[in-house]
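One structure below.
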Amino acid sequence: ACTGIENIDEAITLLEQNNWDLVEAINGVIPQENGILQSEYGGETLHGPAYGPTSHSTAASSPPSSSSAFRHVVPSRQIVERQPRMLDFRVEYRDRNVDVVLEDSSTVGDIKHILENELQIPASKMLLKGWKTGDVDDSTVLKTLHLPKNNSLYVLTPDLPPPSSSHSGALQESLNQNFMLIITHREVQREYNLNFSGSSTIQEVKRNVYDLTSIPVRHQLWEGWPPSATDDSMTLAVSGLTFPCHRLTVGRRSSPVQTREQSEEQCTDVHMVSDSDGDDFEDATEFGVDDGEMFGVASSALRKSPMMPENAENEADALLQFTAEFSSRYGECHPVYLIGSLEVAFQEAFYVKARERKLLAIYLHHDESVLTNVFCSQMLCAESIVSYLSQNFITWAWDMTKEANRARFLTMCTRHFGSVVAQTIRTQKTDQFPLFLIIMGKRSSNEVLNVIQGNTTVDELMMRLMAAMEIFSAQQQEDIKDEAEREARENVKREQDEAYRISLEADRAKREAQEREMAEQFRLEQIRKEQEEEREAIRLSLEQSLPPEPKEESTESVSKLRIRTPSGEFFERRFLASSKLQVVFDFVASKGYPWEEYKLLGTFPRRDVTQLDPNKSLLEVKLYPQETLFLEAKE
């Protein structure tokens, strides 16, 4: 009420600059002689706060007045002497800044005359903009505008052609600059501060405003665009906008069939209405309404599809819709969002080898935030950001617009990151979204390195991502070293276990071989025993079947045979000359030398007796009256 400052943000800034001292703040805007209010009462000068509790106590005895509650109450004889108030103006024109200092009793025309000498531009060609109290003319007295001490204005020269640059570097520099567009929504009297790069087009600005205001591009009615901005495909750098800040006003056309010429006739400043055919899809829902239907009724049909369905049972399906809707709104150049649950994102980012691990970036979207559209289109979809995220991060997203989805994410957040992080996200206001969470996996827990809010720039976002990468890289090197040491220990243990296993296998094979050998020996022994028993049985049988040995005094012809064994022993026996040769074979077999294994050889002449007919008598084979034979093993 005292200073004429109606902007609450400006008032708070002044109070902060003066450490919330109300008197100092007011004196800073309306300076008095010696920095205090002078009064004369009984020859005394009243020092101290002019606005304070004492003022109210004095006012209690005074009659009611329509003046401000902060007025300076003095006795009737008090005279306040006020010095002329000086105002500071910083005026921007293209790439120049001009400082102007005037008394508040001067007029707007006085400022133009000073600028005419400084800028070499006729005052009649100037449009002096930036006033916070509406339109003014050259005769307006500055005191009546209730201006603060420091003011910023800018000059437009719509009747003068923009200067041509002889250097391509100047154009490139302007393309890389960021323009702050202060856009006022006329119907709801709401102001948006949007950052755009110089390479953005007017059409992109209008599309972003459509996302904020739900006014289709073809029905937007603009004020404040420079006259040189005649094409929606024109970039902001060459459109003639004031750098770094430019004010615009947007509203809805009163009739859907209103022409561009009618709109320009109703406006006192520069108006722009887009006729872009590329936005026909935004108004398709309005083609079937009656002529009398108001646009406010049909605006609900123009809103975008939700980024994510509410109460989605499958997180992967919800992320598929999120990615598709994100691409339809902001284009195909955007981070690659992992399709799957948050647990799957953890597996991809953290639960792999240390060299393959990455940071996890969680993007939290909110359609009702005024920052969302600018953050997504200008920062999150910037090629440098997209490339850096794809190389170093696993990116996962979630939509916090719907309350059910918000509650679901907070539950996941509590489970994986703890209640402190969940509470931090829960207390974030809508206009602080979107959020970008940078998560680093550790041995026992997951650590949130950074929570990036939507009110940032591309450079700041990149710097914070790189800072997180530096922390992660240091931790990753430690993890790689620990993992290498652990793998070395495991390799040694694995080699020891393998050697032990091989040793056990060798011992078992040796033991099994010994057991097989013993079993074979036992089997052979059994066979040998059986064979010996069989031989013994055969020998006994043959021994018992032999005819009795004839006596020496026998009257029959007797043949005396002397048989030498392979060991050198001899045994003798008498046989009847009429006995068959088989009897001799049986006798030899009864002594343990079966004729199947041994052959019986004669001496003179040397012959194999076993080859003779065993049914012939000894006399016939000439083994009579006596003969010496020897046994030899068959081959």
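Which of the residues that make up segment 349-372 are open to solvent by less than 40 Å² (accessible area, probe 1.4 Å), part of a helix (DSSP H, G or I) and either farther than 15 Å from GLN432 by Cβ or not assigned by the TED database to the domain that holds PHE472 (or both)? If the condition is that a residue be open to solvent by less than 40 Å² (accessible area, probe 1.4 Å), part of a helix (DSSP H, G or I) and either farther than 15 Å from GLN432 by Cβ or not assigned by the TED database to the domain that holds PHE472 (or both), then ALA349, ALA354 are the ones that fit. Among the residues of segment 222-251, those that are among the polar types (S, T, N, Q) and not in a strand (DSSP E or B) comprise SER228, THR230, SER233, SER239, THR242.
Restricting attention to segment 547-603, which residues are in a strand (DSSP E or B), out of contact with any Pro (no Cβ under 7 Å at 6 or more places or on another chain) and of a type outside the set (Phe, Trp, Tyr)? Scanning segment 547-603 gives LEU561, ARG562, ILE563, ARG564, GLU572, ARG573, LYS599, LEU600, LEU601, GLY602.
Which members of segment 386-436 meet the condition of being touching a Pro at 6+ places or on another chain (Cβ under 9 Å) and β-branched (Val, Ile, Thr)? If the condition is that a residue be touching a Pro at 6+ places or on another chain (Cβ under 9 Å) and β-branched (Val, Ile, Thr), then VAL386, THR395, THR401 are the ones that fit.
Just one of (1) on the phi > 0 side of the Ramachandran plot; (2) touching a residue at least 60 places away in the same chain (Cβ under 8 Å) fails for GLY568. It is (2). Listed by first and then second residue, the pairs with beta-carbon distance under 7 Å, at least 6 apart or on different chains, first residue in segment 594-622 and without any contact (Cβ under 8 Å) to a residue 40 or more places away in the chain, second in a loop (DSSP other than H, G, I, E, B) and not small (Gly, Ala, Ser), are GLU597/LYS634; TYR598/LYS634; LYS599/LYS634; THR610/TRP595; LEU612/VAL621.
Scanning segment 325-340 for residues that are of a type in the set (Ser, Thr, Tyr) and open to solvent by less than 30 Å² (accessible area, probe 1.4 Å), we see that the one that is farthest from TRP396 (Cα to Cα) is SER327. Might you check whether a residue that is of a type outside the set (Gly, Ala, Ser), out of contact with any strand residue (DSSP E or B) (no Cβ under 6 Å at 6 or more places or on another chain) and at pLDDT 50 or above occurs anywhere in segment 63-80? No - not one qualifying residue is present in segment 63-80. The set of residues in segment 622-631 that are crowded, with 16+ Cβ neighbours inside 10 Å and either among the acidic types (Asp, Glu) or modelled with pLDDT under 90 (or both) comprises LEU623, TYR624, GLU627.
Within segment 227-251, residues that are farther than 12 Å from PRO158 by Cβ and open to solvent by 60 Å² or more (accessible area, probe 1.4 Å) sit with their Cβ atoms under 6 Å from residues that are modelled with pLDDT of 85 or more and among the polar types (S, T, N, Q), at 6+ positions apart or across chains, in these pairs: SER233/THR201.
Of all the numbered requirements in (1) polar (S, T, N, Q); (2) part of a strand (DSSP E or B); (3) open to solvent by 60 Å² or more (accessible area, probe 1.4 Å), ASN615 misses one, and that requirement is (2). Provide a single number: the residues in segment 512-563 that are free of Cβ contacts under 8 Å to residues at least 24 places away in the same chain, closer than 30 Å to PHE604 by Cα and of a type outside the set (Gly, Ala, Ser). Looking only at that region, the number is 6.
The values are calculated or read from the model by the stated rules, or taken from the named source; none is laboratory data. What you are looking at is a predicted structure, and each value in this text was computed from that prediction instead of being measured. Glycine also receives a Cβ, built like all others from the backbone with ideal geometry; neighbour counts cover every protein chain displayed. For the accessible areas, the whole protein counts, side chains as well, though only heavy atoms, and no ligand, DNA or RNA atoms are used. Shrake-Rupley method; radii C 1.70, N 1.55, O 1.52, S 1.80 Å.
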